[in-house]
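Structure first, then comments.
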Amino acid sequence: MSEWRYWLNEQRGTLIGLAIFVLMFAVYIANHPAGLTANVAQTAANKGVLLAFVAMAQAMVVITAGIDLSVGMILVLTNCLASWIVVGTPMQTTAGVLGVLLAGTICGAINGLLVIKGRLQPIVATIATGAVYFGLALLLRPFPGGAVNEDLADAVTGRIFGIIPSSLVVMLVVVLLVWLPFRRSEIGRAAYAAGSAEAAAFMSGVPIRRAKLVAYTLAGLLAGVGGLFLTFFTYTGEAAYASGSGYTLWSIAAVVLGGVSLYGGRGSAVGAIFGAFAARTTGDMLFVFDVDPLWQPLLQGIVLLIAISIGAIGLLRVRNRLEWFR
Amino acid sequence: MTEATENRLSLRARLPGPIRRADPAVLTSFGCILLLLFLGSLYSSNFLSPEYLLQQLKVASFLGVIAAGMMLVILLGHIDLSVPWVMTMGAMMACAAAGFGSTVIAIPFGILCGMLFGLLNGFGVAYLRIPSMIVTLATNVVAQGLMVLYTGGFSPQDSAPQAMRWLATGYIIPGVPNAILVWASVSVAMVFLLTRTTFGRSVYGIGNSERAAYLSGINTRRIVMVAFAVSGALSAFGGVLLAGYASKAAQAMGDAYLLPSIAAVVLGGTSILGGRGSYLGTVAGVILITLLQSILSVMQMPEAGRQIVYGIVIIAMLLLYGRNPASR
Amino acid sequence: MTSTQSQSNAPLLRMEGIGKRYGGVRALDSASLVVESGRIHAILGENGAGKSTLIKIMAGVVAPDEGQMLLKDQAVSFRSPAEAAAAGIACVFQELSLIPDLSVADNISISNPPRRLGLIDRKAQRRLSEEALARAGAGDIHPRALVRDLPLSRRQLVEIAKALAWMPRILILDEATSALTASDVTKVFAVLKRLRAEGLAILYISHRMHEIAELADECTVFRNGRNVASYAAGTRSNSEVVEMMIGREVSSAFPPKPAARIHAAPVLSCKNLGWSDRLRDISLEVRPGEVVGLGGLDGQGQRELLLGLFGVLRGTSGTISIDGAARSITSPGAARAGTIGMALIPEDRKTEGLLLPMTVRENLSFAALDRLSRHGVIDRDRENASIEEMVRLLAIKTAGADTPVGALSGGNQQKVVIAKWLTRRPRILLLNDPTRGIDVGTKQEIYQLLRRLAEEGSAILFYSTDYDELIGCCDRVLVLYDGKIVKELAGGEITERALISSALNVQTEPEAAA
């Protein structure tokens, strides 16, 4: 009984993220003309998964009390790269996929090295690397184009047994292969420790620097998975600045909606996934309510503003004003 | 480690006042400006001509006005990501007000719109205690939404009124574009604000420890809100100037100013964590970034190469002097 | 695991000729120390006497410049805390080294978790932490609880459990009880005595003399980086020990109190003040010229009372009156304003009192910017004059007004915190344990300052965790227990016996009371 309470307390952020998503998705489905069909679920999953990967990447870094403003640009870069190399025979395609993932990982590792070895502030360092990654993407694809192995693309964006969206399955596999081992490992715990109380973690001999480096590197890898998926959905590569910065911004929003504290140490990548799906559902909601597309950005902004203000209700309970300042 | 710090302290204590107080980061960034000019002059002798330099200062003044507001917010330990669309909104609303026939209030109206959004940011950060990165992200989307709704997604029809063009491109002093004078006045005001007023002291204090500032009896929430309002107003003012320069407002005209304004402040030696930094450094950072962009475009480098060089140069300079102290 | 090789006569740990410099400052100068198994060894000394450096060397946090360390006659040197811990030396530091967002179990096995398949074995970890918690006398703390949800005193017990999880031969406690409530201190002492019986060597650093008297087998006094005396506990009187620590005679540690009671009208009073369940029905009066102490065990609502008076707490009930008129004080800004004139010296000078990277000048004028400026513009002449006055008045040792305040010593930093409020010439001065972690010399300066301010007409409300201070400094002492004032002591009634019995809220017949 009391074990339950401790579990709930540990997972509070993630569960809030889940609740927000379930609520929004329920409203969406209830008003969708077709209801919850396999098709609707597939579309929603495909759109959500894309942001979910970037949000997971952001969560990795945010847990260490850092931030990665280049995740969107890594996504764009790996998208452009994938549109060149994820083609041809199954062997070539496999090599291409690995190449894309490696590229994402390297980008993440560079961010990590600059922050840890270079001792730069994550905000500025990743703004600058983001510019570099976008430049490289432009070099690869000055104009939109390219191709991707369509069999593979259709397989991972389609459905398994006609109902289960395969993109969700892929995401589950990534969570199982990347996030869970990270979370359960010493390095993952060190990442949380570094985000929560860096000085205390140092005193306890926790490998802070290694943990941060791993977090940034895995963030690059996850953003690379996102870039790969973007290519599978669009069949092309495109170096669009607005798309890159959009993904970066919404990844931060998704992380917050998913209960990850921007101050570090709290939350999980699973929460960030729910946050990403919730953020995506906002956009879809406007569609089912048949809102003029011109209103869409404004309403999205207002919904975001309201969502983040909800957390402020807790302030009313604060009885010692010093708790305002952390 | 401690030994080195103490030696440096004692060494600096023996230097004469003005040099002792000068931030090494500021000196380095001015050094980098000279280096860039030198490299440019190897490429073309035009780089040292007064016309070119004045032209660069004029272009820099738009970024300079925006970076002044950004610096205020960064000194508090916050950040303002709503610059792009608040700036665009300032430009569009000023042009719209002029379109309604009242040229006189065009500029103040644009700035006022920016200030309102700044107040919204400040309210979210100071009173609702939401991280500034999130609030300003959301208000940026809201501002964008409003402008998309207003323009219908197309380029706005109103062109910039004469007053705006004059402010950006006219001359009061022959040879010196008014935009430079505007930037200079904003700069003088900022220096005064930061070094001589209780508001400036409070900003530095809050940036170092808002808890300590609050317990010292400072109304920290009001200071934070006012700083964000100033930042919003200056963003919008930057947009007004830019629209005057380009003779009209345009969609997404502010996108190219967010990262440079943050980079300029940080390259100028202001700590992104707040509480430390001098305005002179921000001026240096603005000139540095403007020169860099100019040199890259004079060299006719394609956009891709420009982005890469731009990013690498910022990283290199930060590695040179923008590093955190080594931990233990 | 505690291998007591009793056949060898060599002491467990012997440190000889240890020297350490920080820049130009010699922190340790050929210091030596012998640590024996099964003994509790107290280390005393002023701040800056070299105790902390010695411990850091033992625990592998810093490396000595010279000298040697022998563990059972084997020369050792540690490059990290983990190496020292592996050799059997575990340290409970003064600053908490716990990670608030991790669970108790995670924290206890943070640097050496049990592993399975390369990942952390949670079941084994849970078992280990339950054992360690039980050994630390904190079996009631759930291993899955998050550290941030625990009160400070419980965290300290987790900290001890964390050190015990290393199965150390030497356990070092550096001011480990400073945050504990009295009942927890009792528990910790029982644990330490049991560990001693198990054969552990315990090094105990504390400023609290009565704790040392109760606990230690032997004591070593440090002064100016050297060990100046070692003696069996209980063989020296407190004043002898203090003399050894400061190396000069303490003629009058506390300034004399005025003989007459003060009859002026109270400047600060509150009636039936309540807040949450931490403050209950508090009524008090402070007159100008009076130093009123707040006593009791730590954490009985004293801090909340000061914060509540200063306008920091929301939702307080009851009334606060200034000069007899009820006032609503809703922020420190309102509390410091002219007609109220209140000042609070906060608990933690590093995060609440000072802006560490900023200069002495900026800190000294920070709480009085409104007084030192005209229309929001700082008047530099007035500012300079007030800073000079404060530096002189409190004898703040600084290279200049433009030195970062973080570069000053702890005592001088605390002087800056006090001076920044004196700049406003407050009528009511609230102090929250202002001498914690401060050297004896500065403490005495602060006592004299308080008395002088009182003579000049200030009303002073003074919370201290040190009974000696309450006895020596205060005209009256209000003892709090569980958020209530349970006893008011005045003049000669303020004795250690009276303070302790009322702090524990037990009814003993006081011998001195009428």
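Does region A:286-303 contain at least one residue that is in contact with a strand residue (DSSP E or B) (Cβ under 9 Å, 6 or more places away or on another chain), touching a residue at least 24 places away in the same chain (Cβ under 8 Å) and more than 8 Å from chain B (Cβ to nearest Cβ)?
no
Any residue that is part of a helix (DSSP H, G or I), touching a residue at least 24 places away in the same chain (Cβ under 8 Å) and among the small types (Gly, Ala, Ser) - is there at least one of those in region C:378-391?
yes
Filter region C:454-474 down to the residues that are hydroxyl-bearing (Ser, Thr, Tyr) and either touching a Pro at 6+ places or on another chain (Cβ under 9 Å) or under 13 Å from residue C:344 (Cα atoms) (or both) and list them by number.
Selection gives C:458, C:463, C:464.
Which of the residues belonging to region A:169-185 are more than 7 Å from chain C (Cβ to nearest Cβ) and either touching a Gly at 6+ places or on another chain (Cβ under 6 Å) or among the hydroxyl-bearing types (Ser, Thr, Tyr) (or both)?
A:182
Looking for whichever is within 22 Å of residue A:65 (Cα to Cα), more than 26 Å from the chain's Cα centre (by Cα) and either among the small types (Gly, Ala, Ser) or more than 10 Å from chain A (Cβ to nearest Cβ) (or both) here; the options are C:129, C:97, C:111. Which one fits?
C:111
In region B:48-58, which residues are closer than 22 Å to residue B:169 by Cβ and outside any loop (DSSP other than H, G, I, E, B)?
Listed by number, the residues that qualify are B:50, B:51, B:52, B:53, B:54, B:55, B:56, B:57, B:58.
Given the conditions (1) in contact with a strand residue (DSSP E or B) (Cβ under 8 Å, 6 or more places away or on another chain); (2) under 30 Å from residue A:202 (Cβ atoms), report the number of the one that residue A:82 does not fulfil.
Tallying (1) in contact with a strand residue (DSSP E or B) (Cβ under 8 Å, 6 or more places away or on another chain); (2) under 30 Å from residue A:202 (Cβ atoms), residue A:82 fails exactly one: (2).
Tell me, which helices (runs of 4 or more DSSP H) wholly within region A:1-109 include 3 or more residues that are under 26 Å from residue A:150 (Cβ atoms) and modelled with pLDDT of 85 or more?
The helices (runs of 4 or more DSSP H) meeting that bar are A:38-63, A:71-85.
Among the residues of region C:138-149, count how many are surrounded by 20 or more Cβ atoms within 10 Å (Cβ to Cβ) and more than 14 Å from chain A (Cβ to nearest Cβ).
1
Quick one: how many residues across region B:150-196 are closer than 25 Å to residue B:52 by Cβ and of a type in the set (D, E, K, R)?
1
Does residue C:485 satisfy the condition of being more than 30 Å from residue C:339 (Cα to Cα) and of a type outside the set (Ser, Thr, Tyr)?
no
Restricted to region A:186-205, and to residues that are within 7 Å of chain C (Cβ to nearest Cβ) and in a helix (DSSP H, G or I), which residue is nearest to the chain's Cα centre (by Cα)?
Top of the filtered list is A:192.
Among the residues of region B:241-261, how many are away from chain A (no Cβ under 14 Å), surrounded by fewer than 23 Cβ atoms within 10 Å (Cβ to Cβ) and in a helix (DSSP H, G or I)?
Result for region B:241-261: 2.
State whether one or more residues within region C:362-377 are among the polar types (S, T, N, Q), within 13 Å of another protein chain (Cβ to nearest Cβ) and either under 25 Å from the mean Cα position of the chain (by Cα) or at positive phi (or both).
yes
Taking the residues in region C:291-321 that are surrounded by fewer than 23 Cβ atoms within 10 Å (Cβ to Cβ) and on the phi > 0 side of the Ramachandran plot as candidates, determine which candidate is farthest from the chain's Cα centre (by Cα).
C:318
Taking residue C:336 as meeting all but one of (1) in contact with a Leu (Cβ under 7 Å, 6 or more places away or on another chain); (2) within 14 Å of chain B (Cβ to nearest Cβ), write down the number of the exception.
(1)
Going residue by residue through region B:207-222, is there one that turns out to be of a type in the set (A, V, I, L, M) and surrounded by fewer than 24 Cβ atoms within 10 Å (Cβ to Cβ)?
No, every residue in region B:207-222 fails to be of a type in the set (A, V, I, L, M) and surrounded by fewer than 24 Cβ atoms within 10 Å (Cβ to Cβ).
Could you run through region C:407-426 and say how many residues are of a type outside the set (S, T, N, Q), surrounded by fewer than 20 Cβ atoms within 10 Å (Cβ to Cβ) and assigned to a loop (DSSP other than H, G, I, E, B)?
1
Taking residue B:113 as meeting all but one of (1) at pLDDT below 90; (2) touching a Gly at 6+ places or on another chain (Cβ under 7 Å); (3) more than 7 Å from chain A (Cβ to nearest Cβ), write down the number of the exception.
(1)
The rows are residues; the columns are (1) part of a strand (DSSP E or B); (2) touching a residue at least 24 places away in the same chain (Cβ under 8 Å).
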site	(1), (2)
C:450	no, yes
C:485	yes, yes
C:488	yes, no
C:499	no, yes
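The values are calculated or read from the model by the stated rules, or taken from the named source; none is laboratory data. Predicted model, so just to flag it, every value in this text is computed and none were measured. No Cβ is skipped: glycine too gets one built from the backbone with ideal geometry, and neighbour counts run over all protein chains shown.
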